[in-house]
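Participant: Mind having a look at this structure? Questions to follow.
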Amino acid sequence: MRSHMMGTAVTLCAVALAASTGAAAAVPLPPKVPAATRQSGDTVLVDCSWHSQVQPSDFMLACGDGNNRLSSLHWSYWGSNSAVGTGLDVANDCDPYCAAGTFHSFPVVVRLEHPQPWKKHPQLRHYTQMTLIYTNGKPEGSAQAVTYPLWD
């Protein structure tokens with residue numbers, strides 16, 4: 001009972017935070033899963049080097065040039081069908097051009113979804129979609145919430 005109440009409290013706090021940023025409807029947050037209950041069969045996130053990651057603290061979004069990455073990631077939930085975390089989207093404004101641009105950090109909620117078997121290792125499932133919800137500012141020209149397909 002206490003565990004259920006704690007999970008409910010965590011979910012309510014996360015929803016309240018999302019509501020204060022206007023993102024509550026876009027990101028339903030499941031309860032936190034203690035590290036001790038995670039298994040080696042976790043759904044994975046595939047990085048630029050085709051390595052599997054579980055709950056990475058950093059993740060490169062722009063593999064070709066490194067001008068966009070997620071950093072300081074903290075995962076509140078990592079399950080077989082979805083994952084939810086918070087962190088910073090560190091993006092280069094490329095002004096006047098990328099080599100001379102400035103990196104800016106934007107707080108985000110990260111949601112991973114739509115797991116599928118990974119072509120490289122079919123015994124593993126990997127997330128195929130990432131949604132970023134900006135909670136305080138956003139890169140110029142970006143929507144408040146953006147969804148990206150992830151590589152296989």
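What follows is calculated from the coordinates using simple rules that are stated; it is not laboratory data. Keep in mind the model is a prediction, meaning the values are calculated, not measured. Neighbour counts are summed over all protein chains in view; Cβ atoms, including those assigned to glycine, are modelled from backbone coordinates with ideal geometry.
Participant: In nm, what is the difference between 0.36 nm times the number of residues separating LEU73 and ASP93 and their Cα-Cα distance?
Facilitator: Contour length minus Cα-Cα distance gives 5.1 nm.
Participant: Could you give the length gained by full extension between TYR148 and HIS104, i.e. 0.36 nm per residue of separation minus their alpha carbon distance, to one decimal place?
Facilitator: 13.9 nm
Participant: Can you tell which of VAL90, PHE103, TRP118 lies farthest toward the positive end of the dipole of segment 32-149, using +1 and -1 charges on the Cβ of basic and acidic side chains (Lys, Arg; Asp, Glu)?
Facilitator: TRP118
Participant: Still on this structure, please answer the following. Please list the non-local residues whose amide H lies under 5 Å from the amide H of SER76, H modeled 1.01 Å from N, same-chain partners needing a gap of 5 or more.
Facilitator: Excluding prolines and chain starts, which carry no amide H, the hits are VAL84, GLY85, THR86.
Participant: Hey, what do the phi angles of segment 53-65 turn into as Karplus ³J(HN,Hα) couplings, whole Hz, using 6.51/-1.76/1.60 and θ = phi - 60°, x for Gly and Pro?
Facilitator: 10, 10, 6, x, 8, 9, 8, 7, 8, 9, 5, x, 10
Participant: Where in segment 111-152 does the label zone of TRP50 land, with the point 7 angstrom along Cα→C-beta and an amide N cut-off under 11 Å?
Facilitator: Label zone hits: 119-121, 152.
Participant: Could you derive backbone 3J(HN,Hα) for segment 86-99 from the dihedral phi with the Karplus parameters 6.51, -1.76 and 1.60 (θ = phi - 60°), listing whole Hz in sequence and x where the residue is Gly or Pro?
Facilitator: Each residue of segment 86-99 in turn: 10, x, 10, 8, 9, 10, 7, 7, 6, 10, x, 8, 4, 5 Hz.
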